[in-house]
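Enquirer: Below: one structure in structure tokens.
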Amino acid sequence: MSADETDRLVRTLTVEDREVIALLDLQVLARENAGRTFRADDPTYSVLNCLRFWEILISRMEDGWSRQDYYMVYGYLNDLDVRGAVEAFLDAMPSSLRAKVGRCVERLDARFRAVTREDGGAELSQYWRPLAEGNEVRWWWTRCPTELPPGW
């Protein structure tokens, strides 16, 4: 799977941008390592990994899930949770980096909207309690893939 949009963003990052991202990644790594019996060196859900994960989901959907034998709904829920992490990263960034990363996220979000439909969370509320209880209102949670993947 390709993450072209994210890769284009990476090429534009300054040394200062990379330092901010590294600091955010260290905070994520500390949370990820908490309570583990082993210590990872790099966070799974780093800033750039989260952008890539979001872009890969969108690419899969744009391809009509063609390379997927199955894609369980819980994998999709995890990817939506990753989009929430992207939002938290944006909130924590200084304005110059937030603007740069935000433009990338806006392009990805537009692609996501193109392959999903607004259903008020009807489909996903069957699987995600916060949505069913009205506690999850972020827009990406209230959209359903236009085409459901195999195994859903």
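The values are calculated or read from the model by the stated rules, or taken from the named source; none is laboratory data. The structure presented is a predicted model; accordingly, all values stated were derived computationally and were not measured. Glycine gets a Cβ as well: all are built from the backbone with ideal geometry, and neighbour counts include every protein chain shown.
Enquirer: Which of (1) modelled with pLDDT of 95 or more; (2) on the phi > 0 side of the Ramachandran plot is the odd one out, the single condition residue 20 does not satisfy?
Expert: (2)
Enquirer: I'd like the full set of residues that are surrounded by 13 or more Cβ atoms within 10 Å (Cβ to Cβ) and part of a loop (DSSP other than H, G, I, E, B), limited to region 67-94.
Expert: 68, 71, 72, 93 - these are the residues of region 67-94 that are surrounded by 13 or more Cβ atoms within 10 Å (Cβ to Cβ) and part of a loop (DSSP other than H, G, I, E, B).
Enquirer: Do you know which residues across region 63-87 are at pLDDT below 95 and among the charged types (D, E, K, R)?
Expert: 63, 67, 69 - these are the residues of region 63-87 that are at pLDDT below 95 and among the charged types (D, E, K, R).
Enquirer: Tell me, please, whether a residue that is of a type in the set (Val, Ile, Thr), out of contact with any His (no Cβ under 9 Å at 6 or more places or on another chain), surrounded by fewer than 15 Cβ atoms within 10 Å (Cβ to Cβ) and more than 19 Å from residue 65 (Cα to Cα) can be found in region 141-149.
Expert: no
Enquirer: Within region 2-53, which residues are assigned to a loop (DSSP other than H, G, I, E, B) and either crowded, with 17+ Cβ neighbours inside 10 Å or touching a residue at least 60 places away in the same chain (Cβ under 8 Å) (or both)?
Expert: Hits for region 2-53 are 3, 13, 43, 45, 46.
Enquirer: Go through (1) part of a helix (DSSP H, G or I); (2) on the phi > 0 side of the Ramachandran plot for residue 64 and report which single condition fails.
Expert: Here residue 64 clears every test but (1).
Enquirer: Restricting the search to region 109-130, which residues are assigned to a helix (DSSP H, G or I) and either under 16 Å from residue 75 (Cα atoms) or modelled with pLDDT of 95 or more (or both)?
Expert: 109, 110, 111, 112, 113, 114, 124, 125, 126, 129
Enquirer: So how many residues does region 116-152 have that are in contact with a Gly (Cβ under 9 Å, 6 or more places away or on another chain), closer than 19 Å to residue 50 by Cβ and either of a type in the set (Phe, Trp, Tyr) or touching a residue at least 40 places away in the same chain (Cβ under 8 Å) (or both)?
Expert: The qualifying residues number 4.
Enquirer: Does region 131-143 hold any residues that are modelled with pLDDT of 95 or more and of a type in the set (A, V, I, L, M, F, W, C), and which are they?
Expert: 139, 140, 141
Enquirer: Keeping to region 1-38, report how many residues are closer than 23 Å to residue 78 by Cβ and of a type in the set (Lys, Arg).
Expert: Total satisfying the criteria: 2.
Enquirer: Answer yes or no as to whether residue 97 is in contact with a Ser or Thr (Cβ under 9 Å, 6 or more places away or on another chain), buried (at least 18 other Cβ atoms within 10 Å of the Cβ) and under 30 Å from residue 15 (Cα atoms).
Expert: yes
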